[in-house]
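Worksheet: the structure to be examined is printed underneath.
The values are calculated or read from the model by the stated rules, or taken from the named source; none is laboratory data. Note that the coordinates shown come from a computational prediction; the quantities given were computed from them, not determined experimentally. Virtual Cβ from ideal backbone geometry, glycine too; neighbours counted across all protein chains shown.
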Amino acid sequence: MRSRQIEAYKQKLALTDLQREILVGLLLGDACLETQNRGRTYRLKIEHSVAQAEYVQHLYEVFRDWVLQEPQIKSQRIAGTVYQKLWFTTVSHGAFRFYAQQFYRNGTKVVPKLIHRLLTARGLAYWFMDDGSIKSKQSKGVLLNTQGFAEQDVARLIKVLREKLGLEAKSRRQPEGQQIYISGRSYERFRALVEPYLIPQMRYKLPSARKRDRT
């Protein structure tokens, strides 16, 4: 598209409720919002290992109306090892500005004060797919990698997980920051919340239901 056509096309775009829910989960994970005009508009950037190609393709389909180019592969050399990643960006648009204002302070990602209103079960599912794992198949404890957030932000997330979503959650100190741990006692509750929204390729992250109590 030519620039004039792109601008005309962008005027017709609006985030759906589904896209908004998913966006919140992604921003708690690895997704980021970028601006090239000092915050007037933002674009969403998605990037994962090529091993997660199905997940990236799924997110591309979710935001397809906002994306002008299909996911691309790039190579990145880290400590002498070359890694391949799959990525895409949306168009820059004012619709993302609210989320950038909530999730960023001076260029650093933060947890919004409004997170109790923004985070839903669907958002939790995408947060888990994006940046979560199960501690072990035996304990069924769930790990959410929040090490990049400040302690008060992690505490805010834990409060929402407990009070809004009914999960036993606490922080675990790691060398690089604080990680959220959802107790195995909450596994059935967690599974009931997120399973309806997991894509088939990500269901491997959820083991079968617990057979006995473990912490």
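With the checklist (1) at pLDDT below 95; (2) in a helix (DSSP H, G or I) in hand, flag the one item K137 doesn't pass.
Unmet for K137, out of (1) at pLDDT below 95; (2) in a helix (DSSP H, G or I): (2).
When T146 is evaluated against the numbered criteria (1) in contact with a Lys or Arg (Cβ under 7 Å, 6 or more places away or on another chain); (2) modelled with pLDDT of 95 or more; (3) assigned to a loop (DSSP other than H, G, I, E, B), which criterion, by number, is the only one it fails?
T146 satisfies all of (1) in contact with a Lys or Arg (Cβ under 7 Å, 6 or more places away or on another chain); (2) modelled with pLDDT of 95 or more; (3) assigned to a loop (DSSP other than H, G, I, E, B) except (1).
Could you say whether any residue in the range 28-37 is among the small types (G, A, S) and within 21 Å of L161 (Cα to Cα)?
yes
Inside the range 107-132, can you point out the residues that are assigned to a helix (DSSP H, G or I) and over 9 Å from the mean Cα position of the chain (by Cα)?
Of everything in the range 107-132, those that are assigned to a helix (DSSP H, G or I) and over 9 Å from the mean Cα position of the chain (by Cα) turn out to be I115, H116, R117, L118, A121, R122.
Just wondering, is there one or more residues in the range 172-186 that are loosely packed, with under 14 Cβ neighbours inside 10 Å, under 16 Å from G25 (Cα atoms), of a type in the set (K, R) and without any contact (Cβ under 8 Å) to a residue 40 or more places away in the chain?
Among the residues of the range 172-186, not one is loosely packed, with under 14 Cβ neighbours inside 10 Å, under 16 Å from G25 (Cα atoms), of a type in the set (K, R) and without any contact (Cβ under 8 Å) to a residue 40 or more places away in the chain, which makes the answer no.
Rundown of residues vs (1) outside the structural domain of V160 (by TED's automatic domain parsing); (2) at pLDDT below 95; (3) among the β-branched types (V, I, T), yes/no style:
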| site | (1), (2), (3) |
| --- | --- |
| I46 | yes, no, yes |
| W66 | yes, no, no |
| Q72 | yes, no, no |
| I78 | yes, yes, yes |
| K85 | yes, no, no |
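Give me a count of the residues in the range 12-31 that are surrounded by fewer than 17 Cβ atoms within 10 Å (Cβ to Cβ) and under 11 Å from Y99 (Cα atoms).
Within the range 12-31, residues that are surrounded by fewer than 17 Cβ atoms within 10 Å (Cβ to Cβ) and under 11 Å from Y99 (Cα atoms) number 1.
Do any strands (runs of 3 or more DSSP E) entirely within the range 19-98 hold 2 or more residues that are of a type in the set (S, T, Y), and if so, which?
Fully inside the range 19-98 and qualifying: 81-89.
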